Structures are given as C-alpha cells and as structure tokens.
Amino acid sequence: MSIRITGTGLYHPESYITNEELVASLNAYVAQYNQQNADKIAAGELTELQGSSAEFIEKASGIQRRYVVEKDGILDINRMRPKLQQRSNDELSLQAEWGVIAAKRAMENANVTAEDIDVVILACSNMQRAYPAISIEIQSQLGIQGYAYDMNVACSSATFAIQQAYSAIKTGARRVLLVNAEITSGHLDFTQRDSHFIFGDVATAAILEDTENKTGYEVLDIHLQTQFSNNIRNNFGFLNRCEDAFGEGLLFKQDGRKVFKEVCPLVAKIITQQLEKNQLTAEQIKRFWLHQANASMNELILKYVAGKEADLARAPIILDEFANTSSAGVIIALHKTGHEVQNDEYAVLSSFGAGYSVGSVLLRKKVVS
C-alpha cells in the first residue's frame, strides 16, 4: 500500500486583527480595570494589570496578526470576545460551515468527489457542541456515505487523526477526509496579557488515500506520544454550571516558560528517534512542518534535531500571518510550502500541544507525471 495525502484545503475568514489593534484594545481595558479597581488594588486585594506592546508580542511569539471569526466584539473592551449570532438547529453550524469550505477545496485538489470518500474525521481543539457530531454534519452537507466522528487531542489533533485515517484505509476505507476547523478565538481570554495574542481562526482539510497513481505525500511512519501536564489547560465544559463555576479561570491557560522548556526537547527526541528508526538522518529531511505555536520553539526544535547551523527555512513559519491555529497549523504549513519538496524527498509533519501530546508523521513526496 502507498497511503498518501493527495490534497489539502485552507479557509480563513476575511477579518484579521494586527498586534497593534489587539494591544490598543488590551491597554484600554487595563486602564479601565485599574481605574475602576483602584481602591482594591491599593489595599492589596487585587493585582494591578499590566499593558502590552506589539513589539513584545512579535518578540515573544513571532506572531504579527491573526484571522478571526468576528473582530469588533474582540476589540470592544466591554466585551472582549467574538460576537456571534446563534443559529437554529435547522441551519448549518458555524464550525461545519468552515469545515465544508476547506473540505471542498481539499477534495478539488485531490480530484475526488463525495462518492469517493468513506470516512470523515473532524479533529480539533474545541467542538462547537457535544453532539450530534460536527463531523457527521459535515459528512451530510457534502453527501458522503460511510461514517464520521469527532476527535480531540488539542493541537496534536491533525497528526493523531492521520494515524486514524491511515488505520481506516489499512482496514478497507478507500479515502478519508480529515478536517481541522479551529475557531480558537472562542476559547481565548482577551483580557490576559500573556495569552490574548496567541490564537487565530481557520479551517483546513486533507484527503488521504491508497494510491500509486497520484502525486502526494506518502505516509511512511507515525509516532504518537502523550504524557499528562497541567501546563496547558482549558477548563470550559458542560459541568461548569453544575459546579457553579463561572468567570475567570475556565478558558485557555498556559505556563509558557514551562511549556517551552519541557516540550522542545520532547518533540526533538521523538523526531530524532523516528528518523533513526527509519534509517534516515536529519540532513535527508527537506522540510520540517512543525506545529505553529511559537517561532522560537520551532527554531530550537530544528536546532536540536538538525544541528545549530540548520537552515531555518527548513522549518517554514506561517504563524506570523495566522498565529497559533492549533491543529490546523501543520496542515497550513504543508499546504503553503509543500511545493518546495520534490519527488522522493522527505518531510516531517509534527504537532505538539496540551496533554502533553506529540504526533510526528514521516512523509515522502511522490510525484506522478
């Protein structure tokens, strides 16, 4: 068998927010908060909030802007979250809508139709609802038979889903549609200086199939690993109301320093072991499509794996435009720069995130004339 990624698709909303716009909103919120709570801050009951700068954001992350589902609500200092319109049960959900757009583009790139696909997997950090599964809604909208399911391994969802797609094809499925619809601005606290800039909204899709007659990225090896950590956490869930848990502390939180220190060597170790297992050296890998969370993290991982003198272009960065798009980031990197890999050259697709979870997929480009 030659199971390949034969097509990818990308969708992002038109609205985007620059670092300068985001900082202006945060700083206005901080000034208002500190003024309204001056007495409590003076008494030591509350901590004075600190503002930020566009320069700090870019230096800390490499991010310059991010696409968002809705801009005005995020920048409104009396709201600080997207302002969305609730849809009826008879309308296509927002997450499914985005997934369908990305899926159609991937299907077109792979030259397949709904009749050619047997499985749909929606893999992402946050689902719009618990059930019915968003993936089944996407499946229905596209007219695909077979089965569909949702899965979540946070930012590693795409690579973990590739394993699921690979296994499905090994056991009889003709083709799998993988969708990563990440409306991450919904889980972000835009009042928090250390995290308000991290995420962006996007949807990606990919087609996997067993074929030797199509150009694509052949899946040679998959390595998955998880270990529990509270350093990246989101406590928002359906039990919150039963616990009378409201307000701060339920959305995305991370200890960025610990994540940087612990995740970088872990990812580098897994990639290195994978290459050794497949009797390859780092020099033979044309592109490292790494999770798009932080430019400095990717630079350090590349140096661990390929050496201090490694050309940074070998690990393309797309987060300057898109920010951290969770599971979708590695697919965007492949989608945008896959043409840089030539026939029979190797690439590594590696994602990492909350859990901790790490997924690494070894690929080989196969070009069919």
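Descriptive notes on the structure:
- Scanning the range 29-53 for residues that are surrounded by fewer than 18 Cβ atoms within 10 Å (Cβ to Cβ) and in a helix (DSSP H, G or I) yields A31, Q32, Y33, N34, Q35, Q36, A38, D39, K40, I41, A42.
A quick yes/no check of all residues on (1) closer than 14 Å to I207 by Cβ; (2) touching a helix residue (DSSP H, G or I) at 6+ places or on another chain (Cβ under 9 Å):
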| position | (1), (2) |
| --- | --- |
| I101 | no, no |
| K104 | yes, yes |
| S135 | no, yes |
| I162 | yes, no |
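- Considering the conditions (1) outside any loop (DSSP other than H, G, I, E, B); (2) at pLDDT below 95, A268 is excluded by exactly one of them, (2).
- For A130: the one exception among (1) at pLDDT below 95; (2) among the aliphatic types (A, V, I, L, M); (3) part of a helix (DSSP H, G or I): (3)
- Residue ID - surrounded by the most Cβ atoms within 10 Å (Cβ to Cβ), chosen from residues in the range 327-366 that are among the polar types (S, T, N, Q) and more than 17 Å from S2 (Cβ to Cβ): S327
- Checking each residue in the range 139-172 for being part of a helix (DSSP H, G or I), among the hydrophobic types (A, V, I, L, M, F, W, C) and either in contact with a Ser or Thr (Cβ under 9 Å, 6 or more places away or on another chain) or surrounded by fewer than 23 Cβ atoms within 10 Å (Cβ to Cβ) (or both) picks out L142, A158, F160, A161, A168, I169.
- Filtered residues of the range 318-365 (kept if of a type in the set (A, V, I, L, M) and part of a helix (DSSP H, G or I)): L319, A328, V330, I331, I332, A333, L334
- Residue list for the range 236-257, filter: within 17 Å of D194 (Cα to Cα) and either free of Cβ contacts under 8 Å to residues at least 24 places away in the same chain or loosely packed, with under 14 Cβ neighbours inside 10 Å (or both): E248, G249, L250, R257
- For the range 85-121, the candidate set comprises residues that are part of a loop (DSSP other than H, G, I, E, B) and in contact (Cβ under 8 Å) with a residue 60 or more places away in the chain; within that set, the residue that is surrounded by the most Cβ atoms within 10 Å (Cβ to Cβ) is I117.
- Contacts under 6 angstrom Cβ, first residue in the range 1-28 being touching a residue at least 12 places away in the same chain (Cβ under 8 Å) and surrounded by fewer than 22 Cβ atoms within 10 Å (Cβ to Cβ), partner among the acidic types (D, E) and not in a strand (DSSP E or B), 6 or more apart: S2/E212
- Matching entry among F190, F199, F228, F246 (being touching a helix residue (DSSP H, G or I) at 6+ places or on another chain (Cβ under 7 Å) and over 30 Å from I117 (Cβ atoms)): F190
Conditions tested, residue by residue: (1) under 22 Å from I121 (Cβ atoms); (2) in contact with a helix residue (DSSP H, G or I) (Cβ under 8 Å, 6 or more places away or on another chain).
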| site | (1), (2) |
| --- | --- |
| T325 | yes, yes |
| I332 | yes, yes |
| H335 | yes, no |
| E340 | no, no |
| L349 | yes, yes |
| G355 | yes, no |
| V361 | yes, yes |
| K366 | no, no |
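- Residue list for the range 73-100, filter: of a type outside the set (G, A, S) and more than 23 Å from the chain's Cα centre (by Cα): D76, I77, N78, R79, Q85, Q86, R87, N89, D90, E91
- Summed over the range 321-350, residues that are touching a residue at least 40 places away in the same chain (Cβ under 8 Å) and more than 16 Å from L10 (Cβ to Cβ) total 8.
- Any hit, the range 301-311, residues being acidic (D, E), in contact with a Lys or Arg (Cβ under 8 Å, 6 or more places away or on another chain) and surrounded by fewer than 22 Cβ atoms within 10 Å (Cβ to Cβ): no
- Qualifying position, being under 30 Å from F56 (Cα atoms) and not in a helix (DSSP H, G or I), among G247, G186: G247
- Selection status of F260, in contact with a His (Cβ under 8 Å, 6 or more places away or on another chain), over 16 Å from S360 (Cα atoms) and in contact (Cβ under 8 Å) with a residue 12 or more places away in the chain: no
- Note on the range 191-235: residues that are farther than 29 Å from I57 by Cα and either buried (at least 24 other Cβ atoms within 10 Å of the Cβ) or among the charged types (D, E, K, R) (or both) amount to 11.
- W289 satisfies every condition listed in (1) farther than 22 Å from F56 by Cα; (2) touching a residue at least 40 places away in the same chain (Cβ under 8 Å); (3) within 22 Å of the chain's Cα centre (by Cα); (4) surrounded by fewer than 20 Cβ atoms within 10 Å (Cβ to Cβ) except (4).
The values are calculated or read from the model by the stated rules, or taken from the named source; none is laboratory data. As the structure is a prediction and not an experimental result, all values here were calculated from the model. Cβ coordinates were reconstructed from backbone atoms using ideal geometry, including for glycine residues, and neighbour counts include every protein chain displayed.
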